[in-house]
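The values are calculated or read from the model by the stated rules, or taken from the named source; none is laboratory data. Because the structure is predicted, anything quoted here is derived from the model rather than measured. Note that we place each Cβ from the backbone using ideal geometry, even for glycine, and neighbour counts take in every protein chain shown.
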Amino acid sequence: MRVFVLSLVAMLLFSCRNEVKEEKELVVNNEASEKIEQVQEPFVPSYDFVGLEHIFNKKDDKVHVINFWATWCKPCVEELPYFEKLNAEYKDRDVELILVSLDLPKQINKGLKNFIEKKDIQSEVIHLNDPDQNTWIPKVDPHWDGAIPATVIYKGDKKMFYAKSFTYEESEKAVKKYL
């Protein structure tokens, strides 16, 4: 009888130990899943114009393409695939593309990040969070009325501003002027 009781106690201890181990593995797996989800979420830095102004003044050998857009702007969304294609085809040819989102700050986490993920946007996206448009719009271009889409293309001191939508062919032609 004593052997039976000891065997029963040993079985209970080992079975509880396995359950604890399984729970620990489950917790570790859940933590890993959470980390994977966090890594997959697109990171979108948000700046006021002073924090963003440096992207307009780079003195290097790259062609810089800066596109102002928003998820709620139909012409902006329609031209994004053209900029994505341009970015993919010219990234290795010293062309840097930055998409500057003008979405409302409260739309960043759900709207903008979901849009980037859904559309598989590979270009760098930055959010401009500066409500003082009357100050920063003329700094981008003195003739800009603030309508989007709008694009700045520059290399060194040579700069062009476009207050219009682009097709792929138009964006490629504009970039090639600087190559």
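For residues that are exposed (fewer than 13 other Cβ atoms within 10 Å of the Cβ) and either charged (D, E, K, R) or assigned to a strand (DSSP E or B) (or both), tally how many sit in the stretch 42-68.
Result for the stretch 42-68: 3.
Looking at 118, 158, 139, which one is under 30 Å from residue 61 (Cβ atoms), assigned by TED's automatic domain parsing to the domain that holds residue 52 and without any contact (Cβ under 8 Å) to a residue 24 or more places away in the chain?
Being under 30 Å from residue 61 (Cβ atoms), assigned by TED's automatic domain parsing to the domain that holds residue 52 and without any contact (Cβ under 8 Å) to a residue 24 or more places away in the chain holds for just one of 118, 158, 139, which is 158.
Could you tell me which of the residues 145, 141, 130 is in contact with a helix residue (DSSP H, G or I) (Cβ under 7 Å, 6 or more places away or on another chain) and not small (Gly, Ala, Ser)? Explain how you work it out, then say what you get.
Working: 145 fails: in contact with a helix residue (DSSP H, G or I) (Cβ under 7 Å, 6 or more places away or on another chain); 141 fails: in contact with a helix residue (DSSP H, G or I) (Cβ under 7 Å, 6 or more places away or on another chain).
The conditions single out 130.
Can you give me the number of residues within the stretch 84-109 that are without any contact (Cβ under 8 Å) to a residue 12 or more places away in the chain and either touching a His at 6+ places or on another chain (Cβ under 8 Å) or closer than 20 Å to residue 52 by Cα (or both)?
3
List the strands (runs of 3 or more DSSP E) inside the stretch 69-179, counting only whole elements, that have at least 3 residues being within 14 Å of the chain's Cα centre (by Cα).
Details: elements: 95-101, 124-128, 150-155, 158-162.
In the stretch 69-179, 95-101, 124-128 are the strands (runs of 3 or more DSSP E) which contain 3 or more residues that are within 14 Å of the chain's Cα centre (by Cα).
Among the residues of the stretch 81-91, is any touching a Leu at 6+ places or on another chain (Cβ under 7 Å) and basic (Lys, Arg)? Show your work before the answer.
Keep residues of the stretch 81-91 that are touching a Leu at 6+ places or on another chain (Cβ under 7 Å), which gives 83, 86-87.
With basic (Lys, Arg) added as a condition, the list becomes none.
Within the stretch 81-91, not a single residue is touching a Leu at 6+ places or on another chain (Cβ under 7 Å) and basic (Lys, Arg).
Considering (1) in contact with a helix residue (DSSP H, G or I) (Cβ under 7 Å, 6 or more places away or on another chain); (2) more than 20 Å from residue 156 (Cα to Cα), say which one residue 95 fails and leave the rest.
Here residue 95 meets the rest and fails (2).
Checking the conditions here, which among 158, 139, 110, 85 is within 16 Å of residue 43 (Cα to Cα) and of a type outside the set (S, T, N, Q)?
Numbers: 158 fails: within 16 Å of residue 43 (Cα to Cα); 139 fails: within 16 Å of residue 43 (Cα to Cα); 85 fails: within 16 Å of residue 43 (Cα to Cα).
Going through 158, 139, 110, 85 in turn, the sole match is 110.
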